[in-house]
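The values are calculated or read from the model by the stated rules, or taken from the named source; none is laboratory data. Predicted model only: the values in this text are computed from it and were never measured. No Cβ is skipped: glycine too gets one built from the backbone with ideal geometry, and neighbour counts run over all protein chains shown. With ligands, DNA and RNA removed, areas are computed over all heavy atoms of the protein, side chains included. Shrake-Rupley method; radii C 1.70, N 1.55, O 1.52, S 1.80 Å.
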Amino acid sequence: MKRLTLDNAELLAAKMRADNGMGSSEPINAKTLIRNLGIMAIYRPLSEELWGLSLKTDDGHPHFMLINSNATRGSQHFTIAHELFHLYFEENPQPHFCGREMWKDPAERSANMFASALLMPREGLLANIPMAELQSNQISISTILRLEQLYGVSHRTFVVRLKELKIIIPDFAEQLNALSIKHEAAMRGYEPSIYEPGNEGLIIGDFGDKARQLFEQERISEGHYNELMNMIGYGKSEDCTGC
């Protein structure tokens, strides 16, 4: 597919926000959004080269995401938004793997642009950056940290968005990327979890309930049911009869 323009990415992001009852500038809770959309997600440790994947059902309904719990929480939020583009807007979507080496693909760059617009809406950023900083094209570290925490995104992702919107110039973006952002956050009393990995084993959706239904309908064995439940960290069931 052709790469999205910035304006088209903004329009698609605005559509998803409007379709899900969200305003044009408020922060998004990525986990709540996919829960409301009925998408099941599992957080598992993956390699550094793989950030996540998404799948549709045979009838084309957005259905499943796998998120790398080794990535920072901010990066995980971005992966969710990235995968939403593939699930809802990409032409002829296939089972999709999102990874470090895929940025050259036009669909991947479009998905990144959409994710940035969805998580960091232009209106929200402009409303929350002091006018003096906007006019100077040099945003203070305090403002950057405040907005990264507000919108739940990684530092590099946030810097890319500022540069994309021409709020900062490339030379200043390089200076920002050279910062030890966790140190800067700690020095200003910010909670550092957005810059750290997490959520390992978290399940969003009704995986366990569906597994139970399959067992009760005798479509899977007790051993298979136990195996599925072990996958999501519920431990081995002693005896499913009468559970």
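Normalised per residue, the accessible area of region 1-152 is 48 Å², obtained with a 1.4 Å probe and no contribution from ligands, DNA or RNA.
Sorting the segments 133-141, 28-36 by their residues' average number of neighbouring beta-carbon atoms within 10 angstrom, most packed first, yields 28-36, 133-141.
Sorting the segments 156-163, 38-45 by their residues' average number of neighbouring beta-carbon atoms within 10 angstrom, most packed first, yields 156-163, 38-45. For the set Lys56/Lys166; Lys31/Lys166; Lys56/Lys182; Lys15/Lys166, the pairs lying more than 26 angstrom apart at their alpha carbons are Lys56/Lys166; Lys31/Lys166; Lys56/Lys182.
Among the protein heavy atoms of region 24-87, carbon and sulfur supply 50% of the accessible surface, probe 1.4 Å, non-protein parts ignored.
Surface composition of region 100-151: carbon plus sulfur atoms contribute 53% of the solvent-accessible area (1.4 Å probe, protein chains only, all chains present). Using DSSP, restrict attention to beta bridges with both residues in region 1-91 and report what percent are antiparallel, rounded to the nearest 5. Of the beta bridges lying entirely in region 1-91, close to 50 percent run antiparallel. Apolar share of the accessible surface for region 157-197: 55 percent from carbon plus sulfur atoms, 1.4 Å probe.
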